[in-house]
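Take a look at the structure below.
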Amino acid sequence: MTDLSVKTKLADAMAIEFKRDLEADALPSDDVEKKVARSRDRIISAPVVIILSVDMTDMDPYPDRRRKKAEYIMATQSTANAGMQLLLAAHAEGLGSVWLCSPLFAQKTVQSVLDLPNFWEPQAMYFLGYPAEIPQLRERKLIKEISTLNVKR
């Protein structure tokens with residue numbers, strides 16, 4: 001979405017839930033207001049906001065709980081993978097991007113504000129735009145620092 005009025009409506013509605021959750025966490029009111037304002041401003045100021053959702057309508061139906069859960073996890077993983085592809089494509093085009101999972105905490109609100117079908121479960125929000133500055137690359141850990149090799153010989 002690029003329409004300022006839609007982004008503002010979404011930001012305002014999500015801010016209500018975010019504020020409620022932060023107050024329930026007993027955060028100081030100044031911290032709550034700062035976090036809510038930052039969240040709201042990020043949505044409104046992003047040139048493009050994209051919401052990715054899980055849709056189970058084309059997934060395989062199973063009668064048992066174990067396989068239903070696995071099918072839902074597969075759909076969620078597929079949605080996350082689509083999001084990663086979106087980020088890579090944006091980067092290839094010179095765009096900056098941010099991936100947030102805040103819609104998970106306000107799924108009904110996001111569905112309502114954006115008039116999404118009830119079978120679309122909002123999972124992630126992406127902000128896209130041309131970066132004001134290109135950040136310096138961070139040093140990456142060596143693969144051996146973040147993985148193990150468990151091969152039986």
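Between Arg66, Arg140, Arg153, the distinction of being at pLDDT 95 or above and among the basic types (Lys, Arg) belongs to Arg66 only.
Evaluation of Tyr126 against the conditions (1) within 29 Å of Val6 (Cβ to Cβ); (2) outside any strand (DSSP E or B) shows that the sole unmet condition is (2). Scanning the range 108-118 for residues that are at pLDDT 95 or above and not aliphatic (A, V, I, L, M) returns Lys108, Thr109, Gln111, Ser112, Asp115, Pro117.
One line per residue, one yes/no per condition, for (1) aromatic (Phe, Trp, Tyr); (2) within 28 Å of Gly96 (Cβ to Cβ); (3) more than 14 Å from the chain's Cα centre (by Cα):
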site	(1), (2), (3)
Ala15	no, yes, yes
Phe18	yes, yes, yes
Glu23	no, no, yes
Ser29	no, no, yes
Asp41	no, yes, yes
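So that you can scan it fast, the table gives a plain yes or no per residue for (1) within 21 Å of Leu114 (Cβ to Cβ); (2) in contact with a strand residue (DSSP E or B) (Cβ under 7 Å, 6 or more places away or on another chain):
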| residue | (1), (2) |
| --- | --- |
| Ala26 | no, no |
| Ala37 | no, no |
| Ser45 | yes, no |
| Asp55 | yes, yes |
| Met59 | no, no |
| Asp64 | no, no |
| Lys69 | no, no |
| Gln77 | no, no |
| Gly94 | no, no |
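Quick grid of which residues meet (1) assigned to a helix (DSSP H, G or I); (2) closer than 22 Å to Gly129 by Cβ; (3) in contact with a Leu (Cβ under 7 Å, 6 or more places away or on another chain):
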{"residue": "Val6", "(1), (2), (3)": "yes, yes, no"}
{"residue": "Ala11", "(1), (2), (3)": "yes, yes, no"}
{"residue": "Lys35", "(1), (2), (3)": "yes, yes, yes"}
{"residue": "Asp41", "(1), (2), (3)": "yes, yes, no"}
{"residue": "Met59", "(1), (2), (3)": "no, no, no"}
{"residue": "Lys68", "(1), (2), (3)": "yes, no, no"}
{"residue": "Ile73", "(1), (2), (3)": "yes, no, no"}
{"residue": "Met84", "(1), (2), (3)": "yes, yes, no"}
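Scanning the range 79-107 for residues that are touching a helix residue (DSSP H, G or I) at 6+ places or on another chain (Cβ under 9 Å), over 18 Å from Ala46 (Cα atoms) and surrounded by fewer than 16 Cβ atoms within 10 Å (Cβ to Cβ) yields a total of 1.
For the range 17-50, how many residues are surrounded by fewer than 18 Cβ atoms within 10 Å (Cβ to Cβ), aliphatic (A, V, I, L, M) and either touching a Lys or Arg at 6+ places or on another chain (Cβ under 8 Å) or touching a residue at least 24 places away in the same chain (Cβ under 8 Å) (or both)? Going through the range 17-50 one residue at a time, the tally reaches 4.
The values are calculated or read from the model by the stated rules, or taken from the named source; none is laboratory data. It should be emphasised that the depicted structure is a prediction, and the values quoted were computed from it without experimental measurement. FYI the Cβ positions are ideal-geometry reconstructions off the backbone, even for glycines, and counts take in every protein chain you see.
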